[in-house]
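Undergrad: Got a structure for you, written out below as C-alpha cells; questions coming shortly.
Values in this text are rule-based calculations from the coordinates and carry no lab data. Worth saying up front: this structure is predicted, and the values here are computed from it rather than measured. Ideal geometry is used to build each Cβ from the backbone, glycine not excepted, and the neighbour counts take in all protein chains shown.
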Amino acid sequence: MPKPLRIILITLGSIVFLGLILFIVGTIGMNDVKEFDIPDIDLNSIDDGEYEGACTISRWAMKVKVMIQDHKIKSVTIVDKMMSNLNGQLIARINGNVIDKQAPDFDAVSGASITSKAYLIAITDALQRGMK
C-alpha cells in the first residue's frame, strides 16, 4: 500500500474513532434525564424565599435558583450552567412556561428536549428543597 494512502486511511480511521468516542461520551446520562419523572409540587407547601436546586446528571449538570412569593413561582435564574449548553433564549422560554404554568412539569422545549428537561429537574430540586 502506498504511503500517502496509508496516511489518509489512518487519518480517516482516527477521525471516525474520535467521533465515536465523542458520541458515546456525549450521550452518557441522556436516558437518566429522559426518564426522570417530574413530580407534582404543591406550591402551598413552600414558604416565600429563594431556593437553589441542581441537576447533577452528566453533561446536563446545572444549578438554578427559584424565587417563591405568595406560594407562586416568581422567577427562575440559572446559577451555574456547568457543562450544559443552555442559552438565554431557551432559558427565557422555559422560565416563561414554568411561571405561566406554576409548575416544572410540561413538555420540554422542542429542539433542546434533554437540556430543557435537565433544567426542569434542577427547578424541581429547588422546589423540593423548599417544601415543608
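Undergrad: Could you give me the ³J(HN,Hα) list for region 7-19, computed from phi with Karplus coefficients 6.51, -1.76, 1.60 and θ = phi - 60°, whole Hz, x at Gly and Pro?
TA: With the stated coefficients, region 7-19 comes to 5, 4, 5, 5, 5, 4, x, 5, 5, 4, 4, 4, x Hz.
Undergrad: Still on this model: For region 1-72, treating each Cα as an identical point scatterer without solvent, what Debye log10 I(q)/I(0) comes out at q = 0.17, 0.26 1/Å?
TA: -0.82, -1.13
Undergrad: Before rounding to the nearest 500, sum -39500 (n - 2.57) across all DSSP H runs of length at least 4 in the chain and divide by the residue total; then give [θ] at 222 nm in deg cm²/dmol.
TA: Numbers: 4 runs with 62 residues, N = 132.
Value at 222 nm, helices only, nearest 500: -15500 deg cm²/dmol.
Undergrad: While we're looking at this one, here's another question. Using 11 Å as the cut-off for backbone N distance, which residues of region 15-49 belong to the label zone defined by a point 7 Å from the Cα of Ser113 along Cα→Cβ?
TA: Answer for region 15-49: 34-35.
Undergrad: Among Ala61, Ala103, Ala92, which one moves the most in a GNM of the chain with springs linking Cα atoms closer than 10 Å?
TA: Judging by the Gaussian network model, the answer is Ala92.
Undergrad: Let me ask you something else. Could you check the simple spin-label distance between Ile24 and Asp47, using points 7 Å along Cα→Cβ, in nm with one decimal?
TA: Once both label points are built, they end up 5.0 nm from each other.
Undergrad: Now for a separate question. Do you know the relative contact order of the chain, to the nearest whole percent, from alpha carbon pairs under 8 angstrom that are 6+ apart?
TA: 29 percent
Undergrad: Just report the Cα centroid separation between region 50-78 and region 4-34, whole Å.
TA: Computed from Cα coordinates, the inter-centre distance equals 34 Å.
Undergrad: Given H placed on each backbone N at 1.01 Å, which residues far from Ser75 in sequence or on other chains put an amide H within less than 5 Å of it?
TA: Residues meeting the criterion, in which the H sits 1.01 Å from N, are Met67.
Undergrad: Output ³J(HN,Hα) for region 54-68: one whole-Hz value per residue in order, computed from phi by the Karplus curve 6.51 cos²θ - 1.76 cosθ + 1.60 with θ = phi - 60°, and x for Gly and Pro.
TA: 8, 10, 10, 8, 6, 6, 9, 5, 6, 10, 10, 10, 10, 9, 10
Undergrad: Over all Cα pairs of region 33-130, how is the pair count split among 10 Å bins, expressed in % and running from 0 up to the last occupied bin?
TA: Final binned percentages: 18, 57, 24, 1.
Undergrad: Calculate, in nm to one decimal, what Asn31 and Ala92 gain on full extension: separation in residues at 0.36 nm each, minus their alpha carbon distance.
TA: Fully extending the segment from Asn31 to Ala92 adds 19.5 nm.
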